[in-house]
Amino acid sequence: MLKRNKEADWIMTTEELIAARRAEPWREALRKSKKNKERTDLARVKMSELNPEYRSHTRLEEVNLGLTKEQAMQEAQRCLDCPNPSCMKGCPVGIHIPTFIKHIECGEFLEAAKTLKETSALPAVCGRVCPQEKQCESQCIHVKMGKPAVAIGYLERFAADYERESGQIALPELAPKNGIKVAVVGSGPAGLSFAGDMVKKGYDVTVYEALHEIGGVLKYGIPEFRLPNRIVDVEIEGLRKMGVTFVKDCIVGKTISYEDLHAEGYKGIFVASGAGLPNFMNIPGENLVGVMSSNEYLTRVNLMDAANPESDTPVLQGKRVAVIGGGNTAMDSVRTARRLGADRAMIVYRRSEEEMPARLEEVKHAKEEGVEFLTLHNPIEYIGDERGRVKQMRLQVMELGEPDASGRRRPVPVEGQIVTIDVDEVIVSIGVSPNPLIPRAFSGLEVSKKGTIVVSEEEMRSALPDVYAGGDIVRGGATVILAMGDGRKAAAAMDRNLRKG
Ligand SMILES: Cc1cc2nc3c(=O)[nH]c(=O)nc-3n(C[C@H](O)[C@H](O)[C@H](O)COP(=O)(O)OP(=O)(O)OC[C@H]3O[C@@H](n4cnc5c(N)ncnc54)[C@H](O)[C@@H]3O)c2cc1C
Ligand code: SF4
C-alpha cells in the first residue's frame, strides 16, 4: 500500500508510513513514559459479560459489554509500540494497530477510530467477530514472550463504539467524483468494504442486494447477542452518507442481468455474493421434519421474526436440540436454540475441541450457557416417529487418526461404538457452498470444481475483464475480515485498471 504524506507530498510505502508515525514526537514521548517491563507486567484486561444464566434466555441482548475508558487506556499501555509491529502482519486489511492503540493510551479515542477507518470499513463489526486469536493477536510480541496478547480486538471495538456513541462520526476524505459507475453484487462484508474504498476514490457506487436487508451474513447469520443489527446499520449508514447507493430485493442474474448492468453504464462489477448454499451429509433421515440447515434456522430467526410464535412462519423451538458442526455458525445456532428454550442443546462434532474452527470465545460462551459438547461423535442416521418428525439420532463414536489435507487430525470411526440420543430438532451446520447463480448467469466466468469464482490472486480479477470477485464466493465459507481484505484488494486493482483505460 502506498500513502501520500501531506506535508512532504511524497508517496510512502506502508513500512515507511509505520516508521514515520512511530517517530512522531508524541509517540516517542509515550514510549519513554513507561519501561517495557512495566508494560509487559500489566495483566490483560477482562471484558464484562452478561451473566451466563440470564443471557441463555435472552436472544436480543449482547453478551459482551465492552471496555470502560479506564480499562481501554490501561490495556493500551500493554502495547510496546514495536518498531516492526508483527501484529499488523496478522491483519488482512492492514490496520495500523500500534497507532490506533497509542491514541487510546493518550485518551484520543476519536483519533483511534479515525486510524481504524483508514483501512477498515467495519471496525465495530470486526472488533466483535474477528478471530483475533488466530490473526493479529496471535502475532503479538507478548505471545512470543509467553504472555497474553494485547487485546487488540477489544480495543478496536472500544474505539469504534466510542466514536459511534459520541455522535461525532467522522466521514473519511472523499476524492472528487470521477463520474465512473461501478456495481457491487451482494452487501456482505466483501461488498461493503469494496463499496467504501471505491466511493472514497470518487466512483459512483451501487450495491445490489437480493434480500430485503443490507449486510449479508452480518444481518442474516450472526445473531443479535453477538453482533447487534444497530451496529451494522450505523456502518451502512456511514457508507450511504459517503454516497453509496443501495438497491434491495434485486437478484443480479435474475432481476437484472450482466448485460443490463453494462447497458446501465457500469464499467466494473465486483461480485461478492457469498456462500449461502448449505451442505448436508446425505445420511438417512435428513429429510425428516425438524432437521434443517443452520442457514435456514438462523435466517428465519434473525430476518423473519420466526422466534415469534405469532409470525407467519414460526420456527420449531425444540427442547432437545443437536447442532452438527464446530464452526461459528454451529455455535450461533446452538446458542440461539438455547435461548429459544432448549433444555438440552448439544454440539455434535466429529473431531476434538482442539480442531474446532469456531472462535475460542464462542466456544467458551456456549459452554457457560449450558451447551453440551459431544466431540468425537458423527451422526450416521436420524430416526423419525410415525408422523415423520425427528425423534432420535444415531452417532458414530470417532477417534483422531493421522493429519489430513487441512493439517488437522483426521477423525476415524471407532468400530462398533454407536450411541443413540433423543432429539426433537437437528440443525446441520457442516459448511456452505457458493451460491451458483452468478457463476451460471455471467457467461465467461471461470468456476472451480467447488463452485467458487476463479480470480487472480493479486487483483481479484475474473476471466471476464470487467468482473472482479471476493469474499466467500471466491474462498468458500471464510471470515469477515478475509472478505473485507478481498474487497479492498479488488477496489485497488479495479481503480488502477480503470484509470489505465
Ligand atoms: C452464522 C454465521 C456466523 C459467522 N460468524 C463469523 C465470525 O464470528 N467471524 C467471522 O470472521 N466470520 C464469521 N462468519 C463467516 C462470515 O460471516 C463470512 O465469511 C462473510 O460474511 C463473507 O462475506 P461475503 O461478503 O463474501 O458474503 P455474505 O456475507 O454472505 O454476503 C453475500 C450477500 O450477497 C447477496 N447475494 C447473493 N447472491 C446475490 C445476487 N445474485 N444478487 C444480489 N445479491 C446477492 C446475499 O443475499 C448476501 O447478502 C459467520 C458466518 C455465518 C453464516
Ligand atoms: S505486536 Fe503487540 S505489542 Fe507490538 S505493536 Fe503490535 S499489539 Fe503492540
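Read-outs throughout are calculated quantities, based only on the coordinates presented, and are distinct from any laboratory measurement. Just so it is clear, the structure is predicted and the values come from calculations on it, not from any experiment. In this analysis, Cβ positions are derived from the backbone assuming ideal geometry, glycine residues included, and neighbour counts consider all displayed protein chains.
Of note:
- Helices (runs of 4 or more DSSP H) wholly inside the range 80-163 that include at least 1 residues being within 22 Å of Gly188 (Cα to Cα), aliphatic (A, V, I, L, M) and within 16 Å of ligand 1 (Cβ to nearest atom): 123-129
- The condition (being surrounded by 15 or more Cβ atoms within 10 Å (Cβ to Cβ) and farther than 23 Å from Thr255 by Cβ) is satisfied by just one residue among Lys489, Lys450: Lys489.
- Members of the range 444-482 that are more than 18 Å from the chain's Cα centre (by Cα) and either aliphatic (A, V, I, L, M) or within 16 Å of ligand 2 (Cβ to nearest atom) (or both): Leu445, Val447, Ile453, Val454, Val455, Met460, Ala463, Leu464, Val467
- Among the residues of the range 39-61, the one identified as assigned to a helix (DSSP H, G or I), over 30 Å from Ala307 (Cα atoms) and without any contact (Cβ under 8 Å) to a residue 24 or more places away in the chain is Asp41.
- Annotation: of all residues in the range 420-443 being farther than 19 Å from Leu288 by Cβ and exposed (fewer than 13 other Cβ atoms within 10 Å of the Cβ), the one that is farthest from the chain's Cα centre (by Cα) is Ser443.
- Here Ser429 clears all of (1) polar (S, T, N, Q); (2) closer than 29 Å to Pro284 by Cβ; (3) away from ligand 1 (no atom under 15 Å from the Cβ) except the condition numbered (3).
- Looking at the range 223-301, the strands (runs of 3 or more DSSP E) lying wholly inside it that each contain 1 or more residues that are in contact with an Asp or Glu (Cβ under 7 Å, 6 or more places away or on another chain) and of a type outside the set (Val, Ile, Thr) sit at 245-247, 266-271.
- Some residue of the range 121-132 being of a type outside the set (S, T, N, Q), over 16 Å from Ala72 (Cβ atoms), touching a Gly at 6+ places or on another chain (Cβ under 7 Å) and within 16 Å of ligand 2 (Cβ to nearest atom): yes
Per-residue answers, yes or no, for (1) in a loop (DSSP other than H, G, I, E, B); (2) closer than 25 Å to Met198 by Cα:
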{"position": "Ile418", "(1), (2)": "no, no"}
{"position": "Ile421", "(1), (2)": "no, no"}
{"position": "Ile430", "(1), (2)": "yes, no"}
{"position": "Pro439", "(1), (2)": "no, yes"}
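- Looking across the range 30-88, the residues that are more than 13 Å from ligand 2 (Cβ to nearest atom) and over 28 Å from Pro228 (Cβ atoms) come down to Lys32, Ser33, Lys35, Lys37, Glu38, Asp41, Ala43.
- Contact map, the range 260-285: residues that are under 17 Å from Gly487 (Cα atoms) paired with residues that are among the aromatic types (Phe, Trp, Tyr) and in a loop (DSSP other than H, G, I, E, B), Cβ distance under 8 Å, separation 6+ or inter-chain. Pairs shown: Val271/Phe442.
- Selected residue [without any contact (Cβ under 8 Å) to a residue 60 or more places away in the chain and touching a helix residue (DSSP H, G or I) at 6+ places or on another chain (Cβ under 6 Å)] from Glu118, Glu105, Glu137: Glu137
- Restricting attention to the range 189-213 and to residues that are in contact with a strand residue (DSSP E or B) (Cβ under 6 Å, 6 or more places away or on another chain) and in a helix (DSSP H, G or I), the residue that is farthest from ligand 1 (Cβ to nearest atom) turns out to be Val199.
- Residue in the range 336-343 that is within 25 Å of Ile380 (Cβ to Cβ), acidic (Asp, Glu) and assigned to a helix (DSSP H, G or I) present: no
- For the range 19-37, a tally of residues being of a type in the set (A, V, I, L, M) and assigned to a loop (DSSP other than H, G, I, E, B) returns 1.
- Members of the range 176-196 found to be surrounded by 24 or more Cβ atoms within 10 Å (Cβ to Cβ) and under 14 Å from Gly268 (Cα atoms), listed by number: Val182, Ala183, Val184, Val185, Gly191, Phe194, Ala195
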